[in-house]
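The values are calculated or read from the model by the stated rules, or taken from the named source; none is laboratory data. Note that the structure is a prediction, hence the values are computed from the model and not measured. With ideal geometry, Cβ positions are generated from the backbone for all residues, glycine too; neighbour counts draw on all protein chains shown. Side chains are part of the model used for accessible areas, which takes the heavy atoms of the whole protein and leaves out ligands, DNA and RNA. Shrake-Rupley method; radii C 1.70, N 1.55, O 1.52, S 1.80 Å.
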Amino acid sequence: LVIPKDEIKSFQWYLKSAKQNFFPAMREISVLLELGIGVEKNQEKALFWLTKAAALGDASSMATLGFKYEKGFRVKRDYTKAAEWYQKAAQLNNALAIFNLGSLYVRGLGVPQNNCTARELYEKSKAFGHPNAQKELENMDKEKQCFTP
């Protein structure tokens, strides 16, 4: 049995699930609205669904919001908001958010510059399997940043 592709129906089913507070559907709705798949592009609604998922406790959505605010991707760049969303996701052990929060501490963007805090975050991110954490720790060691023998 082959079911034909129907982006409009797909969007409708995701929306039905999202309205029942199902996080994966909220994230998917956000992407579909952002890209205009099965529905007209709408960045405001895309941000609404992503923010709603994050506010309800979805760490992946929190990390994505942090990234959007850090990079100014379809929102106004705001390092403080980026750090806040990364921090919330980091508390839920999201490796990407932990790593990205460490990067903000290294650069002093949205948070006070603090290499020791960054090192702690990179170490935690490494423990959770983030692929770039080890490289950043090695760079910090080479530059003797908050060095721990």
Checklist entry - Among the listed pairs LYS88/LYS135; LYS71/LYS144; LYS68/LYS135; LYS41/LYS135, which are separated by more than 32 Å between their Cα atoms? => result LYS41/LYS135
Item to check | Efficiency of FRET from Cβ geometry, VAL75 and ILE37, R₀ 22 Å, rounded to 0.05 | outcome: 0.65
Checklist entry - Summing -39500 (n - 2.57) over the DSSP H runs of n ≥ 4 in the chain and dividing by its residue number, what mean residue ellipticity at 222 nm do you reach, to the nearest 500 deg cm²/dmol? => result -21000 deg cm²/dmol
Item to check | Rule-of-thumb Rg ratio for the chain [Cα; 2.2 N^0.38 Å; N residues] | outcome: 1.22
Checklist entry - Dipole of region 1-103, Cα-centred, from +1 at each Lys and Arg C-beta and -1 at each Asp and Glu C-beta, to the nearest 20 debye? => result 120 debye
Checklist entry - When the Kirkwood radius is taken over all Cα pairs of region 1-49, what Stokes-Einstein diffusion coefficient follows at 10 °C and 1.306 mPa s, in µm²/s? => result 148 µm²/s
Checklist entry - Accessible area per residue of region 1-94 at 1.4 Å probe, in Å²? => result 62 Å²
Checklist outcome for this item: trypsin sites (Lys or Arg not before Pro) in region 53-95 lying in a DSSP loop, each with at most 14 other Cβ atoms within 10 Å of its Cβ, come to ARG74, LYS76, ARG77
Checklist outcome for this item: Charge tally for neighbours of SER30 with beta carbon under 13 Å away, counting Lys, Arg as +1 and Asp, Glu as -1, is +2
Checklist outcome for this item: The local net charge around ALA46, scoring Lys/Arg +1 and Asp/Glu -1 for residues other than ALA46 whose Cβ lies under 14 Å from its Cβ, equals +2
Item to check | Fraction of accessible area attributable to carbon and sulfur, the chain (%, probe 1.4 Å) | outcome: 54 percent
Item to check | Potential extension, GLU143-ILE3 segment - 0.36 nm per residue separation minus Cα distance | outcome: 44.7 nm
